[in-house]
Amino acid sequence: MSGPFCRIVAVIALGGVPGLLSLRSNAAEPEHAVEPVRIGMINTLFRDTPQATVMAMMRPFGVIMEAQTGVRGELVPGGDVETLGRQLADGTLQLAVFHGIEFAWARKKHPELRPLVIAINQSRFLSAHVLVKSDSKVLALADLHEKEIAIPNQNREHCHLFLQRHCPEPKLPSFFSKVTNPPNSEEALDDVIDGVVQCTVVDGVSLDCYKRRKPGRAAKLRIVQSSEVFPAAVVAYRPGILDEATLKRFREGMMNANRTILGRQMLTLWKLTAFEEVPQDYEKVLSEILKTYPAPLKN
């Protein structure tokens, strides 16, 4: 990550975010000093992100969460889904952030885990699409054997899972003749239209954004295959680890994030539009996605 992202992180880390002091003064303060709530972050949230950038993000987000929720927070790298699930279940961590599919995997082993809020980017549920030029003769994913594909940097995790699950060969470089990594989905879609590559895989939100920004060029694209519906990312907890009052402050503070300056900056950094209540059909979507994407076997 670079550019605006790094500049915002630097400003927050130096305490220069407008409104930070007033937000912190208005945040609910606990009656007694308590240890910070440890919030683990699944490592796949940081795909294609340098480790130094990831660590730089941790400190300012602790400040943001305290200002937004009134709960002292400490963000920590949580490792893979097995590690994060175990640490949340045994109380080493009090909250954890998972991609929705990874939360479904963690729940298979730790059914006591519960979703607190979901994190969305315009849509509660996620999709991925493999696209080619509209005049391409490709009719199915299998027809893309030995073609060139663009997989954007920081592509959403469900896009990678979808492609790996449905690709005729498990190792993508052996199926495609070349894999490129443009910096974002827009450039990946442009590369397909311009003939730089023959196909790409992007998430549904990015595709919708491209259609709004470049409707003429978007008309030159065609979807070859779309994914199943994936559940949104989630902040999860284990009942009994945090008291109900703390959970309520955290839930309400995060759900109001898009109403404050600092909260909106936090959402922008995470490429989110809101935190929302867990929808009634979230459990059903978790159950359905496990049928197609079972938890990976441990080597």
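Of the numbered conditions (1) open to solvent by 30 Å² or more (accessible area, probe 1.4 Å); (2) at pLDDT 95 or above; (3) hydrophobic (A, V, I, L, M, F, W, C); (4) assigned to a strand (DSSP E or B), residue 116 satisfies every one except a single condition; which is it? All conditions pass for residue 116, except number (1). In a residue-by-residue description of region 81-88, the property of being under 16 Å from the mean Cα position of the chain (by Cα), modelled with pLDDT under 95, over 25 Å from residue 206 (Cβ atoms) and open to solvent by less than 10 Å² (accessible area, probe 1.4 Å) applies to no position.
What's the number of the condition residue 129 fails, among (1) at pLDDT 95 or above; (2) in contact with a Lys or Arg (Cβ under 8 Å, 6 or more places away or on another chain)? Only one criterion in (1) at pLDDT 95 or above; (2) in contact with a Lys or Arg (Cβ under 8 Å, 6 or more places away or on another chain) is unmet by residue 129, namely (2).
Residue by residue, here is whether (1) β-branched (Val, Ile, Thr); (2) open to solvent by 30 Å² or more (accessible area, probe 1.4 Å) holds:
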site: 77; (1), (2): no, yes
site: 128; (1), (2): no, no
site: 132; (1), (2): yes, no
site: 138; (1), (2): yes, no
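Looking only at region 191-234, residues that are small (Gly, Ala, Ser) and farther than 30 Å from residue 278 by Cα come to 4 in all. When region 276-299 is limited to residues that are part of a loop (DSSP other than H, G, I, E, B) and more than 14 Å from residue 124 (Cβ to Cβ), the one that is least open to solvent (accessible area, probe 1.4 Å) turns out to be 293. Residues that are open to solvent by 50 Å² or more (accessible area, probe 1.4 Å) and not in a helix (DSSP H, G or I) were ranked within region 251-275; the one that is modelled with the lowest pLDDT is 270.
Considering (1) at pLDDT 90 or above; (2) open to solvent by less than 60 Å² (accessible area, probe 1.4 Å), the lone condition that residue 121 does not fulfil carries the number (1).
The values are calculated or read from the model by the stated rules, or taken from the named source; none is laboratory data. Keep in mind the model is a prediction, meaning the values are calculated, not measured. All Cβ positions, glycine included, derive from the backbone under ideal geometry; neighbour counts span all protein chains shown. Side chains are part of the model used for accessible areas, which takes the heavy atoms of the whole protein and leaves out ligands, DNA and RNA. Shrake-Rupley method; radii C 1.70, N 1.55, O 1.52, S 1.80 Å.
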